[in-house]
Amino acid sequence: MKSTKQVRKRKKSSKPRVPKPRNAGTMTESAFWSFIRSALRQKSRWWKPILQCKLAARRAYKGPNKRQKFEYQCATCKQWFQEKKINVDHINPAGSLNCAADLPGFVERLFCEQDNLQVLCEKCHDIKTKIEKDGKRS
Ligand SMILES: [Zn+2]
């Protein structure tokens, strides 16, 4: 059985008149910050500590799948996964980026060194993310 997928309620009618002060009047404040957030996240893919973290968790794959060369160990459950099933996780999460004041901390945490990084499988990563979100709410 598949685990419970989070059902997110979608608001039916768009909120009346959210101001769009960004990008020539086409972006709301929150769209703007998610745009900046994803740009920074994209760059972090080429951040060396993140690549090194993956390399450190990698070993040659010896299983039946001929096209798979490597597999990666999850830091939490210690099982081995193919590359597309793992995430490089920030142990101390980069957190939210919703306004200019969040920027310095977000950048510092996102572009961290290898000691703050670990490889997690999808399942362990989901669990950790969920715990972090729940922790923030209370
Ligand atoms: Zn795992």
Quick check on Ile86: is it under 13 Å from the mean Cα position of the chain (by Cα), closer than 18 Å to Arg41 by Cα, within 16 Å of the ligand (Cβ to nearest atom) and open to solvent by 50 Å² or more (accessible area, probe 1.4 Å)? no
Scan region 65-82 for residues that are within 16 Å of the ligand (Cβ to nearest atom) and surrounded by 14 or more Cβ atoms within 10 Å (Cβ to Cβ) and jot them down. Glu71, Tyr72, Gln73, Cys74, Ala75, Thr76, Trp80, Phe81, Gln82
Test result for Ser44, at pLDDT below 95, more than 15 Å from Cys121 (Cβ to Cβ) and more than 25 Å from the chain's Cα centre (by Cα): no
Check region 42-56 and report whether any residue there is surrounded by 18 or more Cβ atoms within 10 Å (Cβ to Cβ) and free of Cβ contacts under 8 Å to residues at least 24 places away in the same chain. no
Of everything in region 68-116 that's in contact with a strand residue (DSSP E or B) (Cβ under 8 Å, 6 or more places away or on another chain) and hydroxyl-bearing (Ser, Thr, Tyr), which residue is farthest from Lys54 (Cα to Cα)? Thr76
Just to be sure before I move on: is Ile127 open to solvent by 30 Å² or more (accessible area, probe 1.4 Å), hydrophobic (A, V, I, L, M, F, W, C) and within 16 Å of the ligand (Cβ to nearest atom) in the structure I sent? yes
List pairs: first residue in region 110-122 and more than 17 Å from Ala75 (Cα to Cα) and more than 15 Å from the ligand (Cβ to nearest atom), second residue open to solvent by less than 10 Å² (accessible area, probe 1.4 Å) and of a type in the set (A, V, I, L, M) anywhere in the structure, Cβ distance under 7 angstrom, at least six positions apart or on different chains. Leu110/Ala94
Candidates Pro93, Pro104, filtered to the one that is under 30 Å from Arg22 (Cα atoms) and exposed (fewer than 14 other Cβ atoms within 10 Å of the Cβ): Pro104
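The values are calculated or read from the model by the stated rules, or taken from the named source; none is laboratory data. What you see is a predicted model, and the numbers here were worked out from it, not measured in a lab. When we count neighbours, we look across all protein chains shown, and the Cβ atoms used for this are built from the backbone with ideal geometry, even at glycine. We work out accessible area using only protein heavy atoms, side chains counted, and drop any ligands, DNA or RNA first. Shrake-Rupley method; radii C 1.70, N 1.55, O 1.52, S 1.80 Å.
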